[in-house]
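Note sheet for the following structure.
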């Protein structure tokens, strides 16, 4: 049986679930015809970060990343792979065993194009719909997009910080924010519990509708005890945490 949670497919096996997530991009890189110029290694880092974060947010253990590169190995392919390896190491995955894939062997390309598929396993189906009326939801990281995205920027959620967030039992659910923005993903999270998100008055509309690009922030739910633990984690990783609001039945 195959089911879906957000952008993650879950395949029921005999004793566990196999989870699959993916991401892709094109015309972003250092090649002649690329529309957005960024270092090629950045491409590999962003692709793998997005796909892996989807799994980690559901407390799925990543085990393998598959790169599907539409460029020649030298120089573009190897630079993308270097970026992927760098992200894998941040969550203690060994690239020698946790990375495979393919690239374009025959044609010299003039535009960057690449995809990544991440696979992981989980013993039980992810726990969803854990919200209740009055439950608080928060933001880790700040939404950024396009030229705002600097992977060294401590304002961005990253794999190590989200991985540690997922280990806190008081944190009930996590959802990465991408191009749809905070408001849309908060609705998804609340709807799992048949609730709606009520945002605090000091949270600006501009923040709520802004694209978060390559999962530059995540929304999470927790109680009053949990947020203290999260703030300690955020301080350790120098990540911003913002109280967004509460789940309600109606307003």
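The values are calculated or read from the model by the stated rules, or taken from the named source; none is laboratory data. All of these numbers come straight from a predicted model, not from anything done at the bench. Ideal geometry is used to build each Cβ from the backbone, glycine not excepted, and the neighbour counts take in all protein chains shown.
Things to note:
- Residue satisfying condition, being surrounded by 14 or more Cβ atoms within 10 Å (Cβ to Cβ), touching a strand residue (DSSP E or B) at 6+ places or on another chain (Cβ under 6 Å) and part of a loop (DSSP other than H, G, I, E, B), within set 190, 186, 212: 212
- When every residue of region 96-108 is checked against the conditions, none turns out to be without any contact (Cβ under 8 Å) to a residue 24 or more places away in the chain, surrounded by 13 or more Cβ atoms within 10 Å (Cβ to Cβ) and not in a loop (DSSP other than H, G, I, E, B).
- Restricting attention to region 122-152 and to residues that are more than 25 Å from residue 199 (Cα to Cα) and at pLDDT 95 or above, the residue that is surrounded by the most Cβ atoms within 10 Å (Cβ to Cβ) turns out to be 126.
- Of the strands (runs of 3 or more DSSP E) contained entirely in region 1-79, those carrying at least 1 residues that are within 29 Å of residue 105 (Cβ to Cβ), touching a strand residue (DSSP E or B) at 6+ places or on another chain (Cβ under 8 Å) and touching a residue at least 40 places away in the same chain (Cβ under 8 Å) fall at 17-26, 61-69.
- Per-region count, region 86-95, residues part of a helix (DSSP H, G or I) and either closer than 21 Å to residue 237 by Cβ or in contact with a strand residue (DSSP E or B) (Cβ under 6 Å, 6 or more places away or on another chain) (or both): 5
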